[in-house]
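First comes the structure, then the notes that go with it.
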Amino acid sequence: MTRRPVVLLAVLVLVALGAPLVAPYGPAERFRDHQHAPPMRVHVDAGGLYAHPLTLVDRLEQRFDADATRRVRLPWGARAGAAPVFLLGADALGRDVLSRLLHGARASLGLALVATAGTLLLGALLGLWAGYAGGLAERGVTTVGDLLLVLPLIYVVVALRAALPLVLPLGTVVVALAIIFVLLGWPRVARGVRAIVREEAERDHVVAAIALGASRWRVMTRHLLPACLGYLAVQAALLVPMFVLAEATLSYLGLGFPDGVPSWGTALSDAANVAATTRAPWTLAPAAAVFLVVLVTNVLLEPSRHDAVADVSRSG
Amino acid sequence: MTLTRFVVRRAAGGLVFALVVASLTLLIARLAPGDATTGEAIAMTVEQRAALRADLGLDQPLLTQYGRWLVGLTRFDLGRSSLFKRPVADLVGERALNTALLAVVALVVASLVGIPLGRYTGASHAMLARAVGAASVAVLSLPPLLSALLLVLVAAHTGWLPAGGMTSGGLSGAAWLADLAWHLPVPVLALALPLAATLERVQSRAMAEAIGRPFVDASRARGLTRERTLRVHAWPASLAPVLGIYGVLVGAIFSGSFVVEVVTSWPGLGRLLFDALLARDVWLVAGCGAAGAASLAVATTMADVVHATLDPRLLERRG
């Protein structure tokens with residue numbers, strides 16, 4: 001059962017690292033005469049795929065006509081100076097939505113994956129400690145953890161982020177958001193790890209290891225941690241969409257990534273203008289990307305989720 | 001443990017919880033850089049700004065401020081909002097009511113849609129049941145942020161429904177009520193869709209599990225019809241996990257309503273907290289924290305009490 005979440009995480013890491021490399025245009029590259037250009041239809045001929053270039057008919061109404069007499073190849077490997085091809089349309093500033101979506105994957109998935117790694121580390125450590133040491137440590141970890149689990153996540157994230165200076169440089173934002181996510185996410189991991197450790201610590205192989213004089217650290221990392229790996233993998237796969245959504249919400253509110261950084265959340269906040277979005281619904285493409293990440297997780301983990309059903313839905 | 005003791009214990013816990021959360025929000029808001037006068041500082045002399053800070057009680061040491069706030073709390077005096085120039089208690093009460101309206105209607109809609117659908121999909125292997133189940137997984141993956149954006153877009157595009165706000169203003173009586181009902185569907189649906197899908201999934205799984213139990217076979221063997229067996233024996237037995245999930249759904253509604261309120265401009269508690277945070281309106285932030293935590297505690301307690309009344313085994317397990 002651990003294979004699915006691990007494969008899913010590996011794919012997400014690949015997308016985060018690789019997506020910007022296959023983007024046809026730069027994230028900030030603007031095409032002046034193609035503001036809110038619609039997605040172009042792709043045709044096939046003997047030379048491969050092509051599209052008809054768009055010409056601006058009415059700048060005020062933002063209407064475009066496809067020039068059926070001309071053909072342009074898809075932007076990958078196209079000659080310099082060729083007319084731009086927008087597979088998912090262009091946004092209000094004439095930037096390619098597909099390219100911004102692919103570049104945004106790095107920021108959105110990258111932050112979520114870093115926060116997930118941190119959450120797993122802190123959650124596993126605290127869970128191991130609470131489960132193995134018992135007593136006061138266990139009570140402290142479970143009390144604080146339960147309090148955090150009851151709080152609606154998004155309120156706390158927004159409150160903590162809003163308490164920091166509103167304008168911060170990119171590096172600081174990433175670190176601050178990752179720390180906030182880790183501080184709020186760890187109880188989900190620690191709760192399960194603690195329960196597994198408590199059960200596992202009674203087993204013969206652990207008792208034997210202690211009797212043979214293994215150190216606490218060795219017992220915890222070599223004998224107790226391996227029992228938690230499957231649980232950790234599933235939790236990791238559930239945390240990533242939660243954090244992707246948290247980033248999207250924060251950036252939508254203007255509290256996430258700075259304006260110039262392409263991420264799925266900042267793209268959504270650009271699309272928040274209702275009048276502009278009704279005119280160019282394709283600018284909501286990042287919403288589809290977020291939806292896809294959550295959907296794939298839900299479908300792949302459906303049988304192994306148990307009470308976690310609510311975890312994803314409450315993250316909204 | 002009796003039900004009364006259970007309720008009293010939960011209420012006391014809820015009170016402590018609300019106090020802790022409110023104090024923490026106050027602390028967070030107070031430690032944030034800048035205060036309510038920062039935004040207007042450029043238009044004021046140093047003396048005017050100092051006077052305004054004194055008026056808002058911001059010139060006192062942190063502990064004095066906290067003490068005064070606690071004393072005020074016993075009289076339901078939560079201070080004055082610098083952003084809205086009104087007493088915080090009035091403002092928070094008003095907005096909390098709007099949020100409650102949104103949340104209750106959404107929960108009712110979600111239950112009326114999700115539970116019957118789950119009852120059906122859990123007991124059937126037909127293509128339609130599978131299609132509903134698959135659609136439910138898809139809707140479950142549509143968090144309130146996305147469903148709200150999508151519904152606002154649809155509403156704006158078709159012009160069938162208003163895309164935001166709660167009332168059009170300038171109306172009263174029956175016209176006001178009709179106008180309110182006209183503004184409800186977009187935010188309610190945005191909030192209710194993921195909840196309905198969650199309920200459908202849980203009910204479906206519980207129903208399928210109940211059908212596998214021996215008493216269902218026994219009932220069929222006694223000659224009861226399939227319909228009657230499902231209604232009288234299987235469904236009631238499947239309700240325990242469904243009722244259990246309501247406690248969790250309360251948290252989902254709180255998170256969800258915040259996002260939905262911001263996207264659809266619904267004047268609720270979530271939007272108020274967001275505005276207050278950005279304006280560094282500390283007393284309003286603390287008031288929202290207190291009201292939010294108190295309603296969260298009340299809602300989860302209510303969910304648990306209903307659950308415990310219907311399934312008394314819970315009391316024994318906890319006692």
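Please treat every number below as a calculation from the coordinates, not as lab data. Quick caveat, the model's predicted, so the values are computed rather than measured. Every residue, glycine among them, receives a Cβ derived from its backbone with ideal geometry; neighbour counts consider all protein chains shown.
Would you mind checking the tilt of helix A:135-150 against the longest principal axis of the Cα atoms of chain A, expressed as 0 to 90 degrees and rounded to 10? Around 30 degrees separate the two axes.
Between B:P162, A:G123, A:L183, the Cα set farthest toward the positive side of the dipole of the protein assembly as shown (charges on each charged residue's Cβ, about the Cα centre) is that of A:G123. Once both labels are positioned 7 Å from their Cα atoms along Cα-to-Cβ, the gap between B:L128 and A:D45 label points is 5.0 nm.
Please get the size of the charge dipole for chain B, origin at its Cα centre, with Cβ charges of +1 on Lys and Arg and -1 on Asp and Glu, quoted in debye to the nearest 20. Could the numbers behind the result be given before it?
On the way: 27 positive and 19 negative charges, 252 e Å.
Charge dipole, chain B, about its Cα centre: 1220 debye, nearest 20.
Given axes a ≥ b ≥ c from the Cα gyration tensor, I'd like to know whether the protein assembly as shown is rounded (a/c under 1.5), prolate (a/b larger than b/c) or oblate.
rounded
GNM remark for chain A: springs join alpha carbons under 10 Å apart, and the peak mean-square fluctuation among A:L21, A:L239, A:L98 falls on A:L21.
A Förster radius of 30 Å combined with the Cβ-Cβ distance from B:S265 to B:R86 puts the calculated FRET efficiency at roughly 0.95.
Highest mobility in the GNM of chain A, judged by mean-square fluctuation with C-alpha springs under 10 Å and restricted to A:F31, A:F257, A:F181, is found for A:F31. DSSP loop trypsin sites (Lys or Arg not before Pro) in the range B:13-113 with at most 16 other Cβ atoms within 10 Å of their Cβ, which ones? Loop-located and lightly packed - B:R75, B:K85. Projecting the Cα positions of A:V290, A:C228, A:L245 onto the charge dipole of the range A:151-293 (unit charges on Cβ atoms of Lys, Arg, Asp and Glu, taken about the Cα centre) puts A:C228 furthest along the positive direction. Relative to the longest principal axis of the Cα atoms of chain A, the long axis of helix A:153-163 makes an angle of roughly 80 degrees.
Length gain on complete extension for the stretch B:R68 to B:M44, per 0.36 nm per residue less the alpha carbon to alpha carbon distance?
Values: separation 24, 0.36 × 24 = 8.64 nm, distance 2.72 nm.
This chain segment gains 5.9 nm when fully extended.
222 nm [θ] for chain A, helices only, -39500 (n - 2.57) per DSSP H run of 4+, per residue, to 500?
Working: 11 runs with 183 residues, N = 316.
Here the helix-only value at 222 nm equals -19500 deg cm²/dmol.
Spin-label model, B:Q60/A:R73: points 7 Å from Cα along the beta carbon direction are separated by 7.4 nm.
Quick check on the exposure proxy: order B:T25, A:T142 from fewest to most C-beta atoms within 10 angstrom.
On the way: B:T25 26, A:T142 19.
Ranking B:T25, A:T142 by Cβ neighbours within 10 Å, fewest first, gives A:T142, B:T25.
Spin-label model, A:R216/B:R228: points 7 Å from Cα along the beta carbon direction are separated by 6.5 nm. In this structure, the amide hydrogen of B:W266, modeled 1.01 Å from its nitrogen in the peptide plane, lies closer than 5 angstrom to those of B:G165, counting only residues at least 5 positions away or on a different chain. Note on A:S251, B:S295, B:S81: ascending count of other Cβ atoms within 10 Å places them as B:S295, B:S81, A:S251, the fewest first.
Which of A:A289, A:A46, A:A115 ends up with the largest GNM mean-square fluctuation for chain A, with Cα atoms connected below 10 Å? Per the Cα network of chain A with a 10 Å cutoff, A:A46 tops the list.
The HN-Hα couplings worked out from phi for the range B:263-277 by the Karplus form 6.51 cos²θ - 1.76 cosθ + 1.60 (θ = phi - 60°) are 6, 9, 6, 7, x, x, 5, x, 5, 4, 4, 4, 4, 5, 4 Hz, whole numbers, x standing for Gly and Pro.
With a Förster radius of 45 Å applied to the C-beta separation of A:A133 and A:L292, the computed FRET efficiency comes to 0.60. Here r is the Cβ-Cβ distance between A:E202 and A:L125 and R0 is 25 Å; the resulting FRET efficiency, rounded to 0.05, is 0.75.
Quick check: from the Cα gyration tensor, does the range A:184-236 come out rounded (a/c under 1.5), prolate or oblate? All intermediate terms of the calculation are to be shown ahead of the outcome.
Details: a/c = 2.51, a/b = 2.28, b/c = 1.10.
It is prolate, given that a/c is not under 1.5 and a/b is the larger ratio.
Using a cutoff of 8 angstrom between alpha carbon atoms and counting only pairs six or more residues apart, the relative contact order for chain A works out to 22 percent. Taking the longest Cα principal axis of chain B as reference, the axis of helix B:282-310 is set at about 20 degrees. In sequence order, the range B:217-234 has phi-based couplings of 4, 4, 5, 5, 5, 6, x, 6, 6, 4, 4, 5, 4, 5, 6, 8, 10, 6 Hz under the Karplus curve 6.51 cos²θ - 1.76 cosθ + 1.60, θ = phi - 60°, and Gly or Pro positions carry x. Here the Karplus curve 6.51 cos²θ - 1.76 cosθ + 1.60, taken at θ = phi - 60°, turns the phi angles of the range B:180-187 into couplings of 4, 4, 5, 8, 5, x, 4, x Hz, with x standing for Gly and Pro.
The slack between B:T4 and B:S172, meaning 0.36 nm per residue of separation minus the straight C-alpha distance, is 56.2 nm.
What's the longest uninterrupted piece of chain A once you rule out the GluC sites (Glu not before Pro) that are loop residues per DSSP with at most 12 other Cβ within 10 Å?
Working: sites that count: A:E61, A:E202.
In chain A, the maximal stretch lacking such sites is A:62-201.
Near the amide H of A:L255, within less than 5 Å, lie no amide hydrogens of residues on another chain or at least 5 residues away, with H placed in the peptide plane. Starting from the Cα gyration tensor of the range B:7-96, take the square roots of the eigenvalues, sort them a ≥ b ≥ c, and report rounded, prolate or oblate (rounded when a/c is under 1.5, otherwise prolate if a/b is larger than b/c, else oblate). Verdict is prolate for the range B:7-96.
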